[in-house]
Amino acid sequence: MEEASYITGFVDGEGSFFISFSRRSQFRIGVEVRPTFSISQHERSKEILQKIRTYFGCGSIRFDRYDQTDKYEVRSLNDLLEKIIPHFDQYPLQTSKRKDFEVFRA
């Protein structure tokens, strides 16, 4: 699928996979672990983020005041496991970002 390959290429250049940790006393282990898939773009390119959100059928787009960009983010563990990870397994990243994805997926 051409669209799927385009999205993978776009993420190779503009996306990120990361896991954040926050102290949360209400959690049993005292830490919240939050995996996130994210793509940032200047507001003039927000339309591509909307198309990618439609393609995956999950996530949200928000404006980040810190760096003045729009961000497409997927944080739902279920969506990451059922939509995001299978996409990049089927349409692998080609740059060093592939290692980031492999660590994220593990």
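The values are calculated or read from the model by the stated rules, or taken from the named source; none is laboratory data. Note that the structure is predicted; figures quoted are calculated from it, not measured. Cβ sites come from the backbone with ideal geometry, for glycine too, and all protein chains shown count toward neighbours. The accessibility values were calculated without ligands, DNA or RNA, using every heavy atom of the protein model including side chains. Shrake-Rupley method; radii C 1.70, N 1.55, O 1.52, S 1.80 Å.
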TODO: Give the residues of the stretch 62-106 that are within 13 Å of Thr36 (Cα to Cα) and assigned to a strand (DSSP E or B), sorted by residue number.
DONE: Lys71, Tyr72, Glu73, Val74
TODO: Check the stretch 36-43 and report whether any residue there is over 16 Å from Ala106 (Cα atoms) and aromatic (Phe, Trp, Tyr).
DONE: no
Task: Selected residue [on the phi < 0 side of the Ramachandran plot, touching a Cys at 6+ places or on another chain (Cβ under 7 Å) and not small (Gly, Ala, Ser)] from Asp100, Asp79 - done: Asp79
Task: Residue list for the stretch 72-106, filter: of a type in the set (Gly, Ala, Ser) and either in contact (Cβ under 8 Å) with a residue 40 or more places away in the chain or loosely packed, with under 15 Cβ neighbours inside 10 Å (or both) - done: Ser96, Ala106
Open item on the list: For a quick check of your reading of the model, give me the residue pairs whose first member lies in the stretch 50-62 and is over 13 Å from Ser76 (Cβ atoms), whose second is open to solvent by 70 Å² or more (accessible area, probe 1.4 Å) and of a type outside the set (Lys, Arg), with beta-carbon atoms closer than 7 Å and at least 6 apart or on different chains.
Closed with: Tyr55/Glu3; Ile61/Gln50
Task: Residue list for the stretch 1-46, filter: small (Gly, Ala, Ser), in a strand (DSSP E or B) and surrounded by 13 or more Cβ atoms within 10 Å (Cβ to Cβ) - done: Gly15, Ser16, Ser38, Ser40
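Test of understanding: among Thr54, Thr69, which residue is more than 24 Å from Ala106 (Cα to Cα) and loosely packed, with under 12 Cβ neighbours inside 10 Å?
After ruling out the rest, the residue left standing is Thr54.
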TODO: Please state which of the following conditions Arg62 fails to meet, knowing it meets all the rest: (1) open to solvent by 100 Å² or more (accessible area, probe 1.4 Å); (2) farther than 17 Å from Gly13 by Cβ; (3) basic (Lys, Arg).
DONE: (1)
